[in-house]
């Protein structure tokens, strides 16, 4: 009889163990499927097929709804170059968002506002670099040059927004120059 009780207890413990283990496996499966779905949506929205780039974009919480904000990452980086974001830089970023067609009620615009409150992780710039490298593989030399000039021009406008004192003096800080140089190297 005590063997029956011990056997029942053993089976109950085994079932509990396997139930927990199955729950963990099910949760991992759901997370994997959600990540795959997010990467597929990013691929459809961006045209990118490189799995590593899609993984980087998903890792920094970009989605197909916020992909438009990715074009503003270089501008955000240069605005934060000195460690803070001032009102003039923020205004320049909002103007750039408007020119890019971001509506105020879009997920990309809300993400930009989040970047105003807190400096984005360096992983975001790494994801942008991966995106640009993938994109450049699809463009000819003329289109690459045009994209580079447009991007660096828009980035310089943001960098110069808060430069100098009363409009006099150096318009760009050394930190802003360093970011601009790093961004230019993404096209090399």
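The values are calculated or read from the model by the stated rules, or taken from the named source; none is laboratory data. All values derive from a computational prediction rather than experimental measurement. Please note: Cβ atoms are built from the backbone with ideal geometry, for glycine as well, and neighbour counts cover all protein chains shown.
Brief remarks follow.
- Check on residue 135, closer than 30 Å to residue 50 by Cα, at pLDDT below 90, touching a helix residue (DSSP H, G or I) at 6+ places or on another chain (Cβ under 9 Å) and surrounded by 11 or more Cβ atoms within 10 Å (Cβ to Cβ): yes
- Hits in the range 72-89 - residues which are outside any loop (DSSP other than H, G, I, E, B) and within 20 Å of residue 180 (Cβ to Cβ): 72, 73, 74, 75, 76, 77, 78, 79, 88, 89
- In the set (1) without any contact (Cβ under 8 Å) to a residue 40 or more places away in the chain; (2) not in a helix (DSSP H, G or I), the condition left unmet by residue 120 is number (1).
- For residue 25, the test of being in a helix (DSSP H, G or I) and at pLDDT 75 or above is failed.
- Some residue of the range 65-78 being without any contact (Cβ under 8 Å) to a residue 24 or more places away in the chain and closer than 19 Å to residue 111 by Cα: no
- Residue among 63, 108, 103 that alone is modelled with pLDDT of 85 or more and not in a helix (DSSP H, G or I): 103
- For residue 49: the one exception among (1) more than 22 Å from residue 157 (Cβ to Cβ); (2) part of a helix (DSSP H, G or I): (2)
- Filtered residues of the range 83-109 (kept if surrounded by fewer than 16 Cβ atoms within 10 Å (Cβ to Cβ) and either closer than 17 Å to residue 123 by Cβ or in contact with a helix residue (DSSP H, G or I) (Cβ under 6 Å, 6 or more places away or on another chain) (or both)): 88
- From 69, 92, residue being part of a helix (DSSP H, G or I) and farther than 18 Å from residue 177 by Cβ: 69
- Here residue 140 passes the criteria (1) in contact with a helix residue (DSSP H, G or I) (Cβ under 8 Å, 6 or more places away or on another chain); (2) free of Cβ contacts under 8 Å to residues at least 60 places away in the same chain; (3) surrounded by fewer than 19 Cβ atoms within 10 Å (Cβ to Cβ) except the one numbered (1).
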